[in-house]
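Following: one structure in structure tokens, then a few remarks.
The values are calculated or read from the model by the stated rules, or taken from the named source; none is laboratory data. These numbers were taken from a predicted model, which means no experiment stands behind them. Here the Cβ positions follow ideal geometry from the backbone for every residue, glycine too, while neighbour counts run over all protein chains shown. Keep in mind that these areas ignore ligands, DNA and RNA; they rest on the heavy atoms of the full protein, side chains included. Shrake-Rupley method; radii C 1.70, N 1.55, O 1.52, S 1.80 Å.
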Amino acid sequence: METVLILGATSDIGIAIAKKFAAGGYNIQLAARTPAQLEPLKSDIEIRYKVNCGLYAFDALQYNTHAAFFAGLKPDVTITIFGTMYEEEDAFNDWALAEGMINTNYTGAVSILNIAAKHYIGQQKGSIIGISSVAGDRGRASKLIYGSSKAAFTAYLAGLRNKCFKDNVHVMTVKPGFVYTRMTENIPLPKPLTSTPEEVADIVYSGFTKKKNTIYVKWFWRYIMLIIKNIPEFQFKKMKL
Ligand SMILES: NC(=O)c1ccc[n+]([C@@H]2O[C@H](COP(=O)([O-])OP(=O)(O)OC[C@H]3O[C@@H](n4cnc5c(N)ncnc54)[C@H](OP(=O)(O)O)[C@@H]3O)[C@@H](O)[C@H]2O)c1
């Protein structure tokens with residue numbers, strides 16, 4: 001039975017993805033800064049889906065712990081879900097907040113995924129799924145730091161996919177649009193454009209089984225972002241997006 005590592009397992013999207021893979025017969029490794037709070041989820045997964053589920057401490061910002069952390073788990077599939085989004089105006093004015101977003105969304109993800117990728121290249125087998133965001137598709141004032149950290153992560157995942165392809169390692173980039181989670185609970189979201197974490201999990205699982213490269217959640221975000229990416233810069237810079 002194969003094992004899936006969920007990095008950022010306390011997130012609403014992480015919980016839904018863990019359950020989806022468990023339902024597909026995968027053993028689950030739940031990793032989070034405070035793994036003790038995941039005891040009820042672990043029990044639920046083990047009872048409901050009859051798979052093994054372990055809890056592990058993981059902090060994306062503790063880079064020097066990542067190698068030993070991964071060596072102790074060696075999952076078949078590694079999924080990075082963790083991320084941080086602060087108010088952009090606050091982050092623009094406070095380097096600690098900007099740095100926190102950049103380091104969580106990009107540096108921490110690169111740190112752990114470099115280690116996972118090296119392991120998968122070594123064994124010529126494995127899968128990596130990274131949750132990025134449509135916010136990384138074009139730089140915008142309203143997502144200045146968050147969007148640029150996700151843009152960097154998207155570019156990293158594309159490069160990793162290119163690097164690992166010949167070694168039979170599948171790397172999938174996930175770009176959600178709006179999702180109802182703790183991260184967006186104070187933001188009014190347009191219902192027709194917004195997904196539930198369960199919808200994200202269904203689309204991620206389906207994309208994984210089909211070995212997709214990049215998926216948008218939901219599909220129409222690919223076309224929304226295509227339009228946004230094609231607005232000429234002389235016009236785009238005057239817009240409020
Ligand atoms: N919600 C959306 O509309 C949306 C859209 C596009 C992309 N995304 C992306 O989807 C992913 C999941 O977010 P979500 O919407 O499910 O939000 P969420 O519920 O707020 O989840 C964020 C997760 O990141 C974890 N985290 C933050 N800093 C960490 C660190 N230093 N080390 C380890 N874990 C850390 C949090 O753990 P704690 O419980 O310890 O705080 C939490 O599990 C993120 O990458 C986000 O950028 C979300």
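Excluding ligands, DNA and RNA, what is the solvent-accessible area per residue of the chain at a probe of 1.4 Å, expressed in Å²?
The answer is 50 Å² per residue.
Which whole-number percent gives the relative contact order of the chain, counting Cα pairs below 8 Å spaced six or more residues apart? Write out the running numbers ahead of the final one.
Details: 419 pairs, mean separation 44.5, N = 241.
After rounding, I find 18 percent.
Loop-only check: which chymotrypsin sites (Phe, Trp or Tyr not before Pro) in segment 167-241 are DSSP coil with at most 10 other Cβ within 10 angstrom? Provide the component values of the computation, followed by the final result.
Values: sites: Phe178, Tyr180, Tyr205, Phe208, Tyr216, Trp219, Phe220, Trp221, Tyr223, Phe234, Phe236; in loops: Tyr180, Trp219, Phe220.
Within segment 167-241, the qualifying chymotrypsin sites (Phe, Trp or Tyr not before Pro) (loop, at most 10 other Cβ atoms within 10 Å) are Trp219.
In the chain, which longest range has no trypsin sites (Lys or Arg not before Pro) that are both DSSP loop (not H, G, I, E or B) and surrounded by at most 10 other Cβ atoms within 10 Å? Don't jump to the answer; show the numbers that get you there.
Details: sites that count: Lys50, Lys210, Lys211, Lys237, Lys238, Lys240.
Value returned for the longest uninterrupted segment is 51-209.
Within the chain, which is the longest segment containing none of the GluC sites (Glu not before Pro) that sit in a DSSP loop and have at most 15 other Cβ atoms within 10 Å? Kindly include the intermediate steps, with their values, before the conclusion.
Working: sites that count: Glu2, Glu87, Glu185.
Excluding the exposed sites themselves, the longest stretch runs over 88-184.
Taking the Cα atoms of segment 94-142, what is the range of coordinates along each of the three principal axes, in descending order and whole Å?
42, 23, 11
Taking Rh as the Kirkwood radius, which is the inverse of the mean 1/r over Cα pairs, what is the Rg/Rh value for the chain?
Details: Rg = 17.5 Å, Rh = 18.3 Å.
Radius of gyration over Kirkwood radius for the chain works out to 0.96.
Pull out the extension gain between Asp90 and Trp219, defined as 0.36 nm times the separation in residues minus the alpha carbon to alpha carbon distance; nm, one decimal. Walk me through the numbers before you get to the answer.
Values: separation 129, 0.36 × 129 = 46.44 nm, distance 3.16 nm.
Full-extension gain reported as 43.3 nm.
Report, to the nearest whole %, how much of the accessible area of the chain belongs to carbon and sulfur atoms, 1.4 Å probe, protein only. Please report the intermediate quantities before stating the final value.
Values: 6750 of 11980 Å².
The nonpolar share, carbon plus sulfur, comes to 56 percent.
Mind jotting down the distance between the C-alpha centroids of segment 36-95 and segment 9-23, whole Å?
Spelled out, the Cα-based centre of one part sits 11 Å from the other.
About the Cα centre, and with charges only on the beta carbon of Lys, Arg (+1) and Asp, Glu (-1), how big is the dipole of segment 3-236? Nearest 20 debye, please. Display every interim value, and only then the final one.
Details: 25 positive and 19 negative charges, 225 e Å.
Charge dipole of segment 3-236: 1080 debye, to the nearest 20.
Stokes-Einstein at 4 °C, 1.567 mPa s, Kirkwood radius from Cα pairs: D for segment 134-241 in µm² s⁻¹?
Values: Rh = 15.2 Å.
In µm²/s, the coefficient is 85.
Tell me the mean residue ellipticity at 222 nm calculated for the chain from its helices only (DSSP H runs of n ≥ 4, each -39500 (n - 2.57), averaged over every residue, nearest 500).
Working: 10 runs with 106 residues, N = 241.
Roughly -13000 deg cm²/dmol at 222 nm, from the helical runs in the chain.
Which of Lys19/Lys74; Lys118/Lys212; Lys19/Lys125; Lys218/Lys240; Lys125/Lys229 have a Cα-Cα distance over 25 Å? Let's see the in-between values first.
Details: Lys19/Lys74 20 Å; Lys118/Lys212 21 Å; Lys19/Lys125 23 Å; Lys218/Lys240 23 Å; Lys125/Lys229 34 Å.
The pairs that break the limit, which is 25 Å between Cα atoms, are Lys125/Lys229.
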